[in-house]
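Coordinate-derived values only; no laboratory data. This is a predicted model, so every value here is computed, not measured. Virtual Cβ from ideal backbone geometry, glycine too; neighbours counted across all protein chains shown.
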Amino acid sequence: VTIARINGQAYAGGVGLIAVCDIAISVNTARFSLTETRLGLTPANISPYLVERLGVSNSRRILLNAHLFNADEAVQLGLVHKSVEPDLLDEAIENEIKSCLACAPGAISMTKELIKTVKEQTPEQNKIYTAKMLADAWETDEAQQGIGGFFNKQSPPWSK
């Protein structure tokens, strides 16, 4: 899991780095902009990630005019998941990390692959893919340890 911790300004490629992270938490005083067009350039390398994260309509608005926006707008656009007061940033990041560490690492990896795959397939393909993914997950040692721990009221090894 990749977590973007934004504590200041993010411009151009910095915004692209945020877009490729799984989770993004920002201070509420942060500012963002895709400034390439002001420099006579285009945000070509990061555009696939930005369009995926922001959608086509928002990408047009943000990329075409080097729009400068704040943390609240970054949340509205879906670039950032949460903005907090600067003195709460470390706590917010720590909470995200704790949540991730409470989950099975292999299951997280499989879920990242699941997210990537289901967005590219048809609903019919996803019926087959997701059924197989779940069946495969049931067969992992992690699943056996997690389910066994649940029924025995014990924490699984990854959450200790």
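Descriptive notes on the structure:
- Take the Cα of residue 76, go 7 Å toward its beta carbon, and the backbone nitrogen atoms of the stretch 13-35 under 16 Å from that spot belong to 28-33.
- Dipole orientation for the stretch 1-152: of the candidates 42, 14, 104, 42 has the Cα lying most toward the positive pole (charges on Cβ; Lys, Arg +1; Asp, Glu -1).
- Note on residue 38 and residue 95: their simple-model spin labels are 3.3 nm apart, each label 7 Å out from Cα toward Cβ.
- Low-density loop positions, GluC sites (Glu not before Pro), the stretch 59-160 - DSSP coil, at most 15 other Cβ in 10 Å: 120, 139
- Between residue 88 and residue 31, the C-beta separation translates, for a Förster distance of 25 Å, into a calculated FRET efficiency of about 0.85.
- Rg to Rh quotient for the stretch 66-160, alpha carbon positions, Kirkwood Rh: 1.10
- For the chain, the Kirkwood hydrodynamic radius from C-alpha pairs, put into Stokes-Einstein at 4 °C and a viscosity of 1.567 mPa s, yields a diffusion coefficient of 73 µm² per second.
- Loop-located trypsin sites (Lys or Arg not before Pro) in the stretch 90-157 whose Cβ has at most 11 other Cβ within 10 Å (DSSP): 119, 153
- Here the chain is treated with +1 on each Lys and Arg Cβ and -1 on each Asp and Glu Cβ, and its dipole about the Cα centre works out to around 340 debye.
- Label zone at residue 103, where the point sits 7 Å out along the Cα-to-Cβ direction: the stretch 5-23 residues whose backbone N lies under 12 Å: 22-23
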